[in-house]
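A quick write-up on the structure given underneath.
We did not get these values from a lab; they are worked out from the coordinates using the rules stated. The model shown is predicted, which means the values in this text are computed figures rather than measured ones. Because the Cβ atoms are built from the backbone with ideal geometry, glycine has one as well, and the counts that use them run over all protein chains shown.
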Amino acid sequence: MEMARTPNAKPPQVRTGKPPRVMLLFTYCYTILTTPFLLAHFALDILLTLFPQTRPITGWSLNQAARMRVVKLVLLYWSRLRWGDRLTLRPGGERNRFEVMHPRSPKLYTGALSDAGIQPEAIGATWTPARPPPPALVRPELTVVLHFHGGGFAVGNGRDEDTGYLARTLIQHMGCKLVCTPQYRLSSGTNGRFPAPVQDALTAYLWLLHEKGIPARQIVFSGDSAGGNIALGLLRYIHEHGAELDIPAPGAVALWSPWVDVGAAIDQDMRQSPNYKTDYLNMEFGRWGAASVSGNMDPSGPYLSPLHHPFTPPMADMPMFLHGGDREVLWDDIQVFAQRYGDIGWKVHLGVSRQCPHDILLLGSRLGFEREAEEAAKESGKNSDNGMFFDTIIIGAGISGINAAYRIQTEGPAETSYAILEGRDSLGGTWDLFRYPGIRSDSDIFTFGFPWSPWKHNVSLASAEQIKTYMRQSAESQGIDQHILYRHSVASANWSPADKNWVLQVEVTGQDQPITIRSRFLLLGTGYYDYEKPLEAAIPGIENFAGRVIHPQFWPEDYDYNGKKVVIIGSGATAVTVLPAMAEKAKQVTMLQRSPGYVFSLPSNSIITALLFAILPISVAHYLNRIMWLLRSHLTTVLCRAWPGLAKLIIKHVTIKQLPPDIPWDPNFKPRYNPWEQRFCACVDGDFFAALRSGKGNVVTGTIKTVTSKTIELDSGERLHPDVIVTATGLKLRFGGGIRFAVDGRPFEWSEKFAWRAAMLEGVPNLLFLTGYETASWTLGADVSARLFVRILREMQGRKATVAVPRPSRSMPDKPMMSLNSTYLKTVREVLPKAGTGVWAAKTNYFADMARAKWGSVSTDLEFS
């Protein structure tokens, strides 16, 4: 078994599955006669284990050495007496975890699996720790290991007493969620010779795919010893017939002390191996299994001896984890196998357990090698990626990420697999994070919402709760929610040039160790601000304040501000939103601003919108209404920038009409900048001004001298006496979600690179980020990038390319990605990528940008390989 077959070796004679009765009788008699000698030798070996120097390996403990000797004796009797397990399809102690699996169409069992005497049959299988959920509830994080047990093809049953320890070890340390161990037909029984084991393996795999609804990429083939041979046989069959029979390849394969040269067990003497004395396998066991499983075929052929017949992986980039003990008789074969298969394209990782015998994953608890078995399982989890490989990973289940998912699954290449990783326990992004009073969109919902999911309410500026509900319903209506992995935070992302994919280290809430997920493309829907830290504004003496200080980004749940005097420091959209909302319950709410901004009223209901929906079909009304709001937003921005003086006069006139007599327009509403040099603040139906007119709201313009325990003192001498201070001072910029990015292990800075079409990063392969507009709804810009992304995918498919890298073809001046001069955007050059000219310019015009994304060139300064 341990030595490679010589090229001119003759194939052995054909053997049947069961030995003749005369031979069995002779074997029984021989075993009885030799029992005294065997027991005496056993007793002597046990005595020798008492001393470390006389143990097979001095590093073994007494427990390990003694157990090894016991297992070796039991296996010898088992081999000589041909004691195979009697299989039954009754549940037994596994109860409802045991399932009967039936073969599918006979047409699927062709080629090497077609045999007139051996037909596919129903088999049993044990699930650990439970059966999988119904297909509708199978989520992307559900990784299933389909494990084929060892036992020389002749013994074992895949039930708890056989593979229970193995299954629990894989779940606890490999990182999979479920383990399925089929009870394949044994060669020691009737109709158990080849191709029966591989037929049964195929039956189990097809059952998982079609009856359980588990995607192939979420299934890991696994097998120990002879089970590893079966797993390889099934992979070879998919390699040969998968395309014609529509049988997809699994996500990964893990092989534990695999038996990869069955023919050698017959032709060669295992006792010549240097590891024979440090292993429990014996020559009789190997020959029994080899002879009984080969039946009417040559055991040195491709299916039973894959060591000598390498085949390419049925799916590119399929990881193979290979493990063995360096003191087992199969170790030499395992090393040669790893070398040969690695040479033809398999992504092989060879793990070794030092001073360990054969198949510690199956027998670790019986041999005393539990720790080594657990370490091996952990190593497989790190290197097999838990079967988590996708064409595209979207980071962030906010409005940008969900929209991108829709574009991928409706416009991208067919069969493109994707998953959305979300660090929080709910979708929504911004609208799930912020909980401050009155939170709502400051853009109209008709352009902020999804173009493929009509907004069904009549309000134009929606609340956070309405937006989150809308996002959830939209995602559910398209099945996007089934692709979201919640509580998955990406810690690092490294581009591997050798594998041509991204390797993500992902921290999962409730798990001690991060998991590894691979993806060909990375799509960032992480926004542009820091979820964990707000912008730290310098407020002198704020630490002295005895009352409550709250930042809107971290609003305390169920905070009661009824009857309190509140000061909101800030003049942006948040402050304009919070003031009228808090004024309903608070005694007094004052917005303290260093300098004023533009505040403009928008109606919650549009007469034109209502008219469109009243007289037109819903789909037509939605389309025209969206176009109307797009044009309105675009023209407003163009007019304000083209004629800022006129825009100022109009805004001044409208604002003065809404102010109470005791709050003057100058200095409280007279900005030092032109319209749309900073973002407008919108208020719904003039609620901000209504709060001022009610007397419960106020605006004070000035700079803070200091904050004491009870007051805010201004440089003007005025004093405010709040019970609560709300620091609405802005957001802290952060790009890429705080993930540590690297290319081939070398970190890079976003701010040092140009952005190609404001979506991809100079010199960084297969990475695209989603950004919006400063002067329009964020979703519009994100949708431009998503449309561009699916075009790139289709272009790569047409070119048969796997990598896309933007590279400037000429030098150019660098510009900021965002041109507004708001306080929180002053660090934009330090955080965001650089903009340039041509295809490296920033987004500025939705209509032009979308046209370029849908019909413009995607090859200018973008290299494909």
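Tabulated results
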{"quantity": "Span-rule helices in the chain, defined as complete DSSP H runs reaching 30 Å or more along the axis (Cα) with Kyte mean at least 1.0", "calculated": "21-48"}
{"quantity": "Efficiency of FRET between ALA40 and THR190 - r from beta-carbon atoms, R0 56 angstrom, step 0.05", "calculated": "0.90"}
{"quantity": "Point-to-point label distance, LYS815-SER492, nm (Cα→Cβ direction, 7 Å offset)", "calculated": "3.7 nm"}
{"quantity": "The chain - share of DSSP beta bridges that are antiparallel (%, nearest 5)", "calculated": "35 percent"}
{"quantity": "Partner lysines for LYS456 [C-alpha distance under 16 Å; skip if fewer than 8 residues away on the same chain]", "calculated": "LYS468"}
{"quantity": "Fully extended contour minus Cα-Cα distance, from GLU161 to TRP855, at 0.36 nm per residue", "calculated": "243.6 nm"}
{"quantity": "Under 21 Å between alpha carbons - lysine pairs in region 81-385 that sit 8 or more apart or on different chains", "calculated": "6"}
{"quantity": "Sequence-distant lysines (8 or more away, or on other chains) whose Cα lies within less than 18 Å of LYS657", "calculated": "LYS648, LYS670"}
{"quantity": "Ranked packing of 303-311, 649-657, 324-332, 405-413, most packed first, by mean Cβ within 10 Å", "calculated": "324-332, 303-311, 405-413, 649-657"}
{"quantity": "Where labels lie 7 Å past Cα in the beta-carbon direction, separation of GLU244 and PHE51 in nm", "calculated": "6.5 nm"}
{"quantity": "Nearest-0.05 FRET efficiency for ALA848 and LYS456, computed from C-beta distance (R0 35 Å)", "calculated": "0.70"}
{"quantity": "Length released on extending from SER751 to ALA690, taking residue separation times 0.36 nm less the Cα-Cα span", "calculated": "17.7 nm"}
{"quantity": "(1) 197, 73, 66; (2) 157, 141, 47; (3) 115, 58, 53, with the label sought being that of the calculated Cα extents along the principal axes in Å", "calculated": "(3)"}
{"quantity": "Label-point gap, in nm, between ASP744 and HIS210 - each point 7 angstrom along Cα→Cβ", "calculated": "4.6 nm"}
{"quantity": "Cross-link reach list, lysines versus LYS753, counting only Cα pairs under 28 Å and skipping chain neighbours closer than eight places", "calculated": "LYS500, LYS533, LYS732, LYS800, LYS815, LYS826, LYS834, LYS843, LYS854"}
